[in-house]
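Inspection log for the structure reproduced underneath, given as C-alpha cells.
Only the coordinates and a few stated rules stand behind these numbers; no lab work does. In this text the structure is predicted, and so the values were computed from the model without any measurement. Cβ coordinates were reconstructed from backbone atoms using ideal geometry, including for glycine residues, and neighbour counts include every protein chain displayed.
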Amino acid sequence: MLGRNPPSLASLPQYFYGQTIDGSVEDEIHLVGSAEIRQLGSSVKADDIRINLVENELRAEGDVRLFREGEFYSGPTLRLKPSVMQGEFDSAAYEFSAMNAWGNAKSVEFQKPKLTELMGVFFTTCPKDRPAWSLRSDRMIVDQIREVADTNQSVLAWGGIPILPLGDFSFSTTPRRRSGFLSPKYAASSDLGFEVTVPYYWNMAPNRDITISPKVITRRGVQLTLEHRYLEPGYAGVIDYEILPSDQRAGNVDSNRSFARITHNSRLSKGVNFSVAAARASDDRYLSDFGGSLLAASQRTLPATVTATSNYQGWAVSATAQKFQLLRDPAAPILAPYDFAPRVVANRAAQAVEWPGLADYGLVDWQANFELTNFTHKTLAEGSRLVGLARAALPTYVGPFEVTPRLGLHATQFQRSSIGSATATQNVYQVGVSGGIYQNNVNSVKSYQRVVPTLSLDSKLTLERDTTWGDTPAIQTLEPRVFYVYTPYREQSNLPVFDTGPATSGLSQLFSDNVYSGHDRVADQNQFTLALTSRFLSNQTGEEKLSATVAQRHYVDSQRVMVPGETGRTDRESDVLGEVALRYSRYLKGSLSAQYTPKFSRWQAGTASLGYQPRPGQTFSLSYRYQKDTFDTVDAAFQAPIAKNWYGVGRLNYSLQQNSVLNPGQNPGLVEGLIGAEYDGGCWVARVVVQEFAASATKRPKQIFFQIELNGIGRVGTDPLSVLKRSIPNYRMINELSPLPSRFENFQ
C-alpha cells in the first residue's frame, strides 16, 4: 500500500531537462539553459544545474527556484541532496502556501524533508504590495511534522518600524491544534471593569484537550476557567468549570462564586445510550454578573438532566431524571418548575401496515406511547402520573384527494404523594399560587383515573396549473384543507398541573388534535379547521419560491376544559392565522405570520422577517415579533462593506412593549445593542465593537471589544468574535472570505 509504506526519495524516479545536457549517467550530469530536475513532490529550476550521481547531490546556480510540497524558494545558489532533501540556499526568498506567508532569509538550511532552518528572517502574511506588518527573527525553524514554527529573538515591525519585541516564541503553521499559550484576551465592561485572560491550550491527545484560562477582573478578582473536551469510541463530552474564589463585589452572596456545565454522551452497550446535560451556578446573580451576553444572562432556570435510552423489540425506551436550579431575580420573581425523577417513556410507531379487515381501504399508520413520571417540587404537591396514548390513522388517496381518518385514546392515572403548601411557596419564591397555573397543586386530589378518546378527519385537495415566476416556468398549486376533531368532555377542573400549558398558537396547532402541551389536561373538542394554501414551485428544480396559507378554526361547542388561570373560550370562531414564506432568489428570503381577531378587529400576534445575503461578508436581517400584552420587539442585524477594506457590523433588539402584568420584567427600550467596525488590512484585521444588553430587570452592562488579528500569527485584544457570530446571522470573518492558497499554489 503506497499510503502506508511510501517509497523513499532515493527510490523515486528523477526527470532532467536542459537546453544542453552532457555528462555520464554513472557519474555527473550537467544541465545548462532552462535547466530543470523533477521528482515526485518537488522540482528545481535554474540556469545551470550540476548533478553528482555518485554523491546524489546537486548544485544549482542562476535564478534558482525550488518547489517542495507547498514551500517555494528562490535565490542565486542552491546545494541539495534530493534523496534526503538536505541542503543549503543562500539569500533566499520563500513562500509558504499553508500559511499564505512569504519573506526572505540570509540563508536556508534544509535539515530533513519536512524540517527547515532559516537565518536572518523576514516573515509576513501581507500582500506583497501592502506589507503592513512583518516579523524579524534571527532564526526560524519550520517543522512541518509538528506543524509549528519556532523563532528566536523576534521583533514585530509595523510599516517597517520595530514596535514590539517578542523574543523567542512559536506559532502554528496550520489550523491544527497544538499545546501552548494562546493569544491574550482583553475585555472591558461597565460592570466588571477591565479583564485580561491568558489561555493555555493543552493538546493532551488527538481526542482530548483542555484549555486553562486565568482571568484578571479588575472589579472582581481573579477567575479561573477550565474547559475539557474528550472524544472516545464509546463516549464524548465537554466539561466547563469557572471559579472566582473571592469576589470583591459579591454583596449579599458568598464571595466564592463558581459555575459548572457538563455535556456527556456515551454508548453503554449495543443499542443502549447514556447522556448527561447539566449546569449549575453558585448563586442567583452569577449569570447576570458574568454571563457576558443577553442569552446567558437571561437564563432563569438551569436544568440538570440524566437520560438513558434503548431499543427493545421495536420499542424506543428512555428513562430521564431532571432537576432545575432557579436563579431568582427579586425584580421579577418566578415559581420554580417541577423536577421529575424518573420519567420512563416507551414509544413505538409503524407506517403503512396491513390491518386485518382494512387492507382493501389502505395501509394503517399507528403509534403507541407510554409515560410514567414522578413529579417533585420544593413546596407544591407531588405525585406520580401514568399516561398511555394510542393512535391509528388510515390515509386514503383518490386522485388529487387525500383523506385521513384518525382514532386516538388517552388514558391517565395519577397518585399523589404529598399535598404541598401555599404558605411555603409564598415564603420561598415570593410568588403565590392563587390564580396561577399551579393553584390546584396545593391539597390537590389524592388520585384520579381518566380515559378520553379522540376522533379526527383530515381531508386535502391539491390542484395545479402551469404559470411563471418572473421569467421562469413554474407550477402554482391550490390546496384547500378541512380538518375535523372531536374529543368528548371530561371534568378536570380540580386536577393538578405539572407540565401542561396551552400549546403555542400557530398554523400547525390548528391541525393538531391536542390543544395542550403535556398530559395534565385533555381538552374537549368539537371543531373543524378550514384552510387554503397556494404555492409557487420552480418547474425546473422543484424549489418552493412562495407559499401562502390562511386558516381558521370553527367551534361547535364552547370550551369547558382549561388549565388553572386560563380564560375559557366562548367564541365560535378562532382567530384567523396566516403565513407567507418567500424565497425570491438565492440571496433574498422572507416570512410573515399573523394572528387576527375579526370580532374585535385586533391583531393578537405576528412575526415578520427578511434576510438578504448577496455574498459572504454581506448580510442583512430584519425581524419583528409581537404578541399582545407579552412582547413587541424589533430585531435588526447586518454585516456589510462600508468603505474600501472597511466593514460595518451591528445588531439592534428593541422592545416596544410597555411594562405589563403578564410581563413585569420587560420594560420598553433596548434589549440588546451592538455596533462596530472591522478593517481588513490584507494581512491583518482590526475589530472594534460596543455592546449593551439587559442582563436582568435592573442591570444593563456595557462592553467594549477591540482586537487586532495578524493573519497566520494570532489575535491580540478583546475577543468580539463569539458575540458577532451569535448576534449576526451568517456572520463571516472578513479575513476568511477568500480561500487560502493550495499547497500547489507555486508549483512549477
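With a ≥ b ≥ c the root eigenvalues of the C-alpha gyration tensor of segment 9-175, is it rounded (a/c under 1.5), prolate (a/b larger than b/c) or oblate? It comes out prolate by the Cα gyration axes. A simple spin-label model places the labels of Asn265 and Arg229 1.5 nm from each other, with each point 7 Å out along Cα-to-Cβ. Between the alpha-carbon centers of segment 709-737 and segment 503-582, tell me the distance in whole angstrom. Taking the Cα centre of segment 503-582 as reference, the centre of segment 709-737 is 42 Å away. Cross-link partners of Lys545 among lysines, defined as those whose alpha carbon lies under 25 angstrom from its own and excluding same-chain residues fewer than eight positions apart: Lys460, Lys589. The Cα center of segment 454-492 and the Cα center of segment 419-450 differ in position by 42 Å. Summary value for segment 254-352: 22 percent relative contact order, contacts being C-alpha pairs under 8 angstrom separated by 6+ residues. Take every Cα pair under 8 Å whose residues are at least 6 apart in sequence, average their separation, divide by the length of segment 294-384, and the relative contact order is 23 percent. In terms of packing, defined here as the mean over residues of other Cβ atoms within 10 angstrom, the peptides 552-564, 380-392 line up highest first as 380-392, 552-564. Go ahead and collect, in residue order, the members of segment 709-733 whose backbone nitrogen is under 14 Å from a label point 7 Å along the Cα-Cβ direction of Val196. Answer for this model: 717-718. Couplings 3J(HN,Hα) for segment 550-566, derived from phi with the Karplus relation 6.51 cos²θ - 1.76 cosθ + 1.60 (θ = phi - 60°), are 10, 8, 8, 9, 10, 9, 7, 10, 6, 6, 10, 8, 9, 7, x, x, 8 Hz, where x marks Gly and Pro. Listed values for segment 585-594 are Karplus-derived 3J(HN,Hα) couplings in whole Hz (6.51 cos²θ - 1.76 cosθ + 1.60, θ = phi - 60°), namely 8, 4, 9, 10, 8, x, 8, 8, 9, 8, and x replaces Gly and Pro. Each label point was placed 7 Å from the Cα along the Cα-to-Cβ direction; for Glu402 and Glu544 their separation is 1.1 nm. Each peptide in 586-592, 42-48 receives the mean, over its residues, of other Cβ atoms within 10 Å, and ordering these scores from highest gives 42-48, 586-592.
Summing +1 for each Lys or Arg and -1 for each Asp or Glu among the other residues whose beta-carbon sits under 11 angstrom from that of Glu382 gives +2. Quick one: Cα centre-to-centre distance for segment 126-169 and segment 200-249, in angstrom? After rounding, the separation between the Cα centres reads 30 Å.
With R₀ fixed at 22 Å, the C-beta to C-beta distance from Leu463 to Phe511 puts the FRET efficiency at about 0.70. Under the shape rule built on the C-alpha gyration tensor, where the axes satisfy a ≥ b ≥ c, the chain is prolate, since a/c reaches at least 1.5 and a/b is greater than b/c. Taking each residue as 0.36 nm, the span from Ile161 to Ser493 lengthens on full extension beyond its C-alpha to C-alpha distance by 111.5 nm.
The protection proxy used here, the mean number of other Cβ atoms lying within 10 Å of each residue, ranks peptides 135-146, 632-643 as follows, highest first: 135-146, 632-643. Here the spin labels are modelled as points 7 Å beyond Cα on the Cα-Cβ line, and at Trp315 and Asn207 they lie 3.3 nm apart.
Working from Cα pairs under 8 Å separated by at least six residues, relative contact order for the chain is 7 percent. Within the shell defined by Cβ-Cβ distances under 13 Å, the residues around Ile728 carry a net charge of +2, with Lys and Arg each +1 and Asp and Glu each -1.
Rounded, prolate or oblate for segment 333-450? Axes are the square roots of the Cα gyration tensor eigenvalues, ordered a ≥ b ≥ c, and the cut-off for rounded is a/c under 1.5. Verdict is prolate for segment 333-450.
Computed over neighbours whose Cβ is under 13 Å from that of Ala105, the net charge equals -4, Lys and Arg +1, Asp and Glu -1.
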